[in-house]
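Working notes, structure below.
The values are calculated or read from the model by the stated rules, or taken from the named source; none is laboratory data. All values derive from a computational prediction rather than experimental measurement. Cβ sites come from the backbone with ideal geometry, for glycine too, and all protein chains shown count toward neighbours.
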Amino acid sequence: MTGQATSSPNAGYGCQTMTEPLLRVLMRRPGSSLLNACRHDWHYGDGFDADLAITQHEQFVAAVQDSGAEVLWIDDNDDGLADAMFTHDPSLVTNDGAIILRMGKDQRAHEPALHLAFYEAQQIPILGSIEPPGQVEGGDCIWIDASTLAVGRGVRTNEAGIHQLRAILKPFGVAVIGFDLPLWQGFNACLHLMSIMSPLAEKLALVYAPLFPVALWQLLDDQGYRLIQAPAEEFQVSNGLNLNVLPTSPGNVIMVDGFPETRRLMESAGCQVRTFGGDALCIACEGGPTCLTRPILRASS
């Protein structure tokens, strides 16, 4: 197979791009599980405020819906899974179906089952699952093009997981390439590949160069990508969340408010930027607008 789309908007799923128009997306409203979360157990920052985080999530949902995307929901049934609002990580959607991933953070071990149940209810085919000892989180997966998936090898995704993912996708013409990530702030912190790269439009991405894999930089350069370098000061104060940017269509993005230089750089590159308050939701909980969404369908109209 060539890696070209085999699904269509009528099929309701298909997503081997990071930036085409977002038509359907899986999300979860934070509720009692977040309200009852212990900040230290979940490695949340000093600014964690569950009530404010829930309000900020509502503002973010409004921005996503205003873009024209249909939001599909996984409910918080008081299951205690505070991080399950970060729906990007437990699964991956391709043009041929979904892959159930396996989390590298112990507290998130039960989240993939929520995604499996959702896909079965939606009649979206399951291509496979990552099994022990493999680990892959969605935040480590970036589509470079429709037939090339870059995967970060770090504290949340291991070589065994990448090997399994490669085997699942090979029959569909997709090449999976692993790239080593630095330890950065330690094993308890979250550094995904998407912590240091956010695609914005076709062959345009926002990156943080000091932590970037050299081999991936070279691959992107060979592919003709334009790389915007995120400002170091804003990256440090946000723990990388200034760079976590969600495209709702090519060049139209949503970001956390409070990082004017990052916004200016994207606007100078031709992007339209919408912001929302995310200090309690995103900065404190270590997950940005991309993390809060699992794209189900991206496609040109």
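Laid out as a table, the results:
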{"read-out": "Residue ID - nearest to V245 (Cα to Cα), chosen from residues in the stretch 163-191 that are in contact (Cβ under 8 Å) with a residue 60 or more places away in the chain, part of a loop (DSSP other than H, G, I, E, B) and not β-branched (V, I, T)", "value": "C190"}
{"read-out": "Matching residues in the stretch 6-28 - criterion: being in a loop (DSSP other than H, G, I, E, B), modelled with pLDDT of 95 or more and not acidic (D, E)", "value": "Y13, C15, Q16, T17, M18, T19, P21, R28"}
{"read-out": "Tally of residues being outside any loop (DSSP other than H, G, I, E, B) and in contact (Cβ under 8 Å) with a residue 40 or more places away in the chain across the stretch 254-290", "value": "11"}
{"read-out": "Sole residue being free of Cβ contacts under 8 Å to residues at least 40 places away in the same chain, over 16 Å from P289 (Cβ atoms) and touching a helix residue (DSSP H, G or I) at 6+ places or on another chain (Cβ under 9 Å), chosen from L52, L35", "value": "L35"}
{"read-out": "T248 being without any contact (Cβ under 8 Å) to a residue 24 or more places away in the chain, among the polar types (S, T, N, Q) and assigned to a strand (DSSP E or B)", "value": "no"}
{"read-out": "Count - residues of the stretch 127-141 that are surrounded by fewer than 21 Cβ atoms within 10 Å (Cβ to Cβ) and either within 15 Å of E20 (Cα to Cα) or among the acidic types (D, E) (or both)", "value": "1"}
{"read-out": "When residues of the stretch 193-251 are limited to those that are polar (S, T, N, Q) and closer than 20 Å to A63 by Cβ, the one surrounded by the fewest Cβ atoms within 10 Å (Cβ to Cβ)", "value": "S249"}
{"read-out": "Pick from the stretch 32-65, criterion of a type in the set (G, A, S) and surrounded by fewer than 19 Cβ atoms within 10 Å (Cβ to Cβ), ranking: farthest from G277 (Cα to Cα)", "value": "S32"}
{"read-out": "Answer from D76, D41 - the residue that is assigned to a loop (DSSP other than H, G, I, E, B), touching a Leu at 6+ places or on another chain (Cβ under 9 Å) and either modelled with pLDDT under 95 or charged (D, E, K, R) (or both)", "value": "D76"}
{"read-out": "Condition check for P182: surrounded by fewer than 23 Cβ atoms within 10 Å (Cβ to Cβ), farther than 24 Å from A205 by Cα and either modelled with pLDDT under 95 or of a type outside the set (G, A, S) (or both)", "value": "no"}
